[in-house]
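The values are calculated or read from the model by the stated rules, or taken from the named source; none is laboratory data. Here the structure is a predicted model, which is why all the values come from computation and not from measurement. Backbone-built Cβ (ideal geometry, glycine too); neighbour counts: all protein chains shown. What goes into the accessible areas is simple: the full protein's heavy atoms, side chains included, and nothing from ligands, DNA or RNA. Shrake-Rupley method; radii C 1.70, N 1.55, O 1.52, S 1.80 Å.
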Amino acid sequence: MTKNDRSRLSRRSMLAIGTAALAAPMLGRRANAQTASLTVADPGGPFSAGFAKAFYEPFTAETGIEIVSVARDAEPTAQFKSIVETGSYIWDVCTLTLSARLILEQEDLLDDIQLDPALAETMMPGSVHSNFLGTDVYATISAFNTDRMEAGPSNWAEFWDTETFAGRRALRRNPIDTLEQALMADGVAPEDLYPLDVDRAFAKLDEIKDHIDVWWTGGAQSSQLLQSGEVDMVAGWNARLQSAIDAGAPAELVWNQGLYSIEGWGLPKGGPNVDAARQFLAFCARPEQQALFTDDLSYGPTNLAAYDHISEERAPVLTTAPANLDKMVLADESWWEENRAEMTERFNLWLLM
């Protein structure tokens with residue numbers, strides 16, 4: 001990431017913080033009669049366990065407000081819309097990606113989080129908006145089998161180089177990230193990716209199409225491809241690739257030219273427990289709390305001061321560790337929001353050609 005990127009993102013982040021309303025309520029108050037519990041929707045699985053340790057249980061211990069955790073849909077925007085429009089608030093807080101935040105913001109379905117700007121001072125650029133608190137960062141990177149390759153590809157141009165780096169390859173069966181990877185393979189600098197030169201990306205994909213042995217469709221599949229040795233090189237989500245390594249796969253992660261994005265909390269507009277929900281979000285912004293989920297999830301905390309509480313052994317596998325974050329660029333969710341349907345149709349047709 002270049003200094004210009006950081007400057008641009010920082011200005012955007014500070015603008016978002018500046019539009020937030022007044023400080024969040026003081027933490028440490030006991031729950032009142034109106035808010036004895038909050039229902040929080042998360043992706044389930046390892047997130048529920050990691051977030052319980054980092055956020056849910058300690059928040060309840062500090063405030064007396066019980067957190068009831070439920071699993072949300074994989075893409076929660078339709079469910080979120082229904083909750084607000086019908087007034088049936090089955091959640092008080094929900095995890096959202098940046099792209100989901102954009103969709104919900106456009107339809108005025110999110111409440112302001114009213115985060116105290118002081119709590120955002122050590123948050124990474126792009127992670128705080130007036131209606132969103134980022135908590136974790138995930139990335140699309142690559143990995144290679146260290147038993148099969150003494151030195152694997154260190155960037156996307158080398159991933160595309162099938163002569164120097166021979167072996168079985170896998171890419172995601174989706175235009176998201178894949179188009180960016182093709183452009184970087186063709187020499188586009190990460191900071192110059194957007195707006196995407198789509199024709200150039202597909203032309204570069206033409207060069208490698210016959211050398212892709214597997215087009216994966218799910219994160220679990222990408223992990224299995226690496227763990228089983230079915231492929232020697234794979235592009236995938238960092239936590240999925242790390243899980244294969246944790247399970248014994250002889251592999252190395254390549255952070256260079258990765259694309260990262262941010263997931264966090266949003267509040268359905270008009271919710272009956274919004275004050276307690278804002279109190280919960282302020283708690284989740286604390287660096288010492290965010291550090292706790294990294295024991296279970298290999299995603300990076302958004303509050304970079306969390307690394308004061310993370311071991312030197314664990315930090316290198318986390319997305320926002322400085323050595324990793326400096327090699328990556330933030331994906332432009334607004335571009336994908338405008339072009340996703342068209343790109344998906346074109347990509348699926350290209351695969352059939």
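Regarding the stretch 184-207, can at least one residue be identified that is surrounded by 21 or more Cβ atoms within 10 Å (Cβ to Cβ), in contact (Cβ under 8 Å) with a residue 40 or more places away in the chain, part of a helix (DSSP H, G or I) and in contact with an Asp or Glu (Cβ under 7 Å, 6 or more places away or on another chain)?
Scanning the stretch 184-207 turns up at least one residue that is surrounded by 21 or more Cβ atoms within 10 Å (Cβ to Cβ), in contact (Cβ under 8 Å) with a residue 40 or more places away in the chain, part of a helix (DSSP H, G or I) and in contact with an Asp or Glu (Cβ under 7 Å, 6 or more places away or on another chain).
Looking at Leu292, Leu297, can you tell me which residue is closer than 22 Å to Ala331 by Cα, surrounded by fewer than 24 Cβ atoms within 10 Å (Cβ to Cβ), touching a residue at least 24 places away in the same chain (Cβ under 8 Å) and not β-branched (Val, Ile, Thr)?
On the way: Leu292 fails: closer than 22 Å to Ala331 by Cα.
Exactly one of Leu292, Leu297 is closer than 22 Å to Ala331 by Cα, surrounded by fewer than 24 Cβ atoms within 10 Å (Cβ to Cβ), touching a residue at least 24 places away in the same chain (Cβ under 8 Å) and not β-branched (Val, Ile, Thr), namely Leu297.
The rows are residues; the columns are (1) within 20 Å of Ile103 (Cα to Cα); (2) under 20 Å from the mean Cα position of the chain (by Cα).
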residue: Glu263; (1), (2): yes, yes
residue: Arg278; (1), (2): no, no
residue: Leu281; (1), (2): no, yes
residue: Pro287; (1), (2): no, yes
residue: Ser298; (1), (2): no, yes
residue: Glu313; (1), (2): no, no
residue: Thr320; (1), (2): no, yes
residue: Glu333; (1), (2): yes, yes
residue: Glu342; (1), (2): yes, no
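Test of understanding: among Ala249, Ala151, Ala203, which residue is small (Gly, Ala, Ser) and touching a helix residue (DSSP H, G or I) at 6+ places or on another chain (Cβ under 6 Å)?
On the way: Ala151 fails: touching a helix residue (DSSP H, G or I) at 6+ places or on another chain (Cβ under 6 Å); Ala203 fails: touching a helix residue (DSSP H, G or I) at 6+ places or on another chain (Cβ under 6 Å).
Selected residue: Ala249, the only one of Ala249, Ala151, Ala203 that is small (Gly, Ala, Ser) and touching a helix residue (DSSP H, G or I) at 6+ places or on another chain (Cβ under 6 Å).
What is the one condition in (1) in contact with a Gly (Cβ under 9 Å, 6 or more places away or on another chain); (2) part of a helix (DSSP H, G or I) that Phe55 does not satisfy?
Of (1) in contact with a Gly (Cβ under 9 Å, 6 or more places away or on another chain); (2) part of a helix (DSSP H, G or I), only one is false for Phe55: (1).
Tally up the residues in the stretch 223-246 that are in contact with a helix residue (DSSP H, G or I) (Cβ under 7 Å, 6 or more places away or on another chain) and either among the basic types (Lys, Arg) or open to solvent by less than 30 Å² (accessible area, probe 1.4 Å) (or both), please. Working first, answer last.
Within the stretch 223-246, the subset in contact with a helix residue (DSSP H, G or I) (Cβ under 7 Å, 6 or more places away or on another chain) is 223, 226-227, 231, 233-237, 240-244.
After this cut, where a residue has to be either among the basic types (Lys, Arg) or open to solvent by less than 30 Å² (accessible area, probe 1.4 Å) (or both) as well, the list is 223, 226, 231, 233-236, 240-242, 244.
So the answer is 11.
Just one of Val68, Val84 is at pLDDT 95 or above, open to solvent by 20 Å² or more (accessible area, probe 1.4 Å) and assigned to a helix (DSSP H, G or I); which is it? Even if it seems obvious, please write down each step before you answer.
Values: Val68 fails: assigned to a helix (DSSP H, G or I).
None of the others qualify; the one that does is Val84.
I need every pair where a residue in the stretch 142-157 that is in a loop (DSSP other than H, G, I, E, B) has its Cβ under 9 Å from the Cβ of a residue that is exposed (fewer than 15 other Cβ atoms within 10 Å of the Cβ) and hydroxyl-bearing (Ser, Thr, Tyr), sequence separation at least 6 or different chains.
Hits for this filter: Pro153/Thr164.
Any residue at all in the stretch 262-274 that is open to solvent by 10 Å² or more (accessible area, probe 1.4 Å) and within 30 Å of Ala189 (Cβ to Cβ)?
Taking every residue of the stretch 262-274 in turn, at least one turns out to be open to solvent by 10 Å² or more (accessible area, probe 1.4 Å) and within 30 Å of Ala189 (Cβ to Cβ).
Go through the stretch 137-151 residue by residue and tally those that are over 18 Å from Ile262 (Cα atoms), touching an Asp or Glu at 6+ places or on another chain (Cβ under 7 Å) and buried (at least 16 other Cβ atoms within 10 Å of the Cβ). Quick ask: steps written out before the conclusion?
Taking the stretch 137-151 as the starting set, the residues that turn out to be over 18 Å from Ile262 (Cα atoms) are 142-151.
From what is left, the residues that are touching an Asp or Glu at 6+ places or on another chain (Cβ under 7 Å) are 143-146, 148-149.
Okay, now just the ones that are also buried (at least 16 other Cβ atoms within 10 Å of the Cβ), so 143-145, 148-149.
Within the stretch 137-151, residues that are over 18 Å from Ile262 (Cα atoms), touching an Asp or Glu at 6+ places or on another chain (Cβ under 7 Å) and buried (at least 16 other Cβ atoms within 10 Å of the Cβ) number 5.
Select from the stretch 93-109 the residues that are open to solvent by less than 10 Å² (accessible area, probe 1.4 Å) and part of a strand (DSSP E or B) and list them in ascending order.
Those that are open to solvent by less than 10 Å² (accessible area, probe 1.4 Å) and part of a strand (DSSP E or B): Val93, Cys94, Thr95, Leu96.
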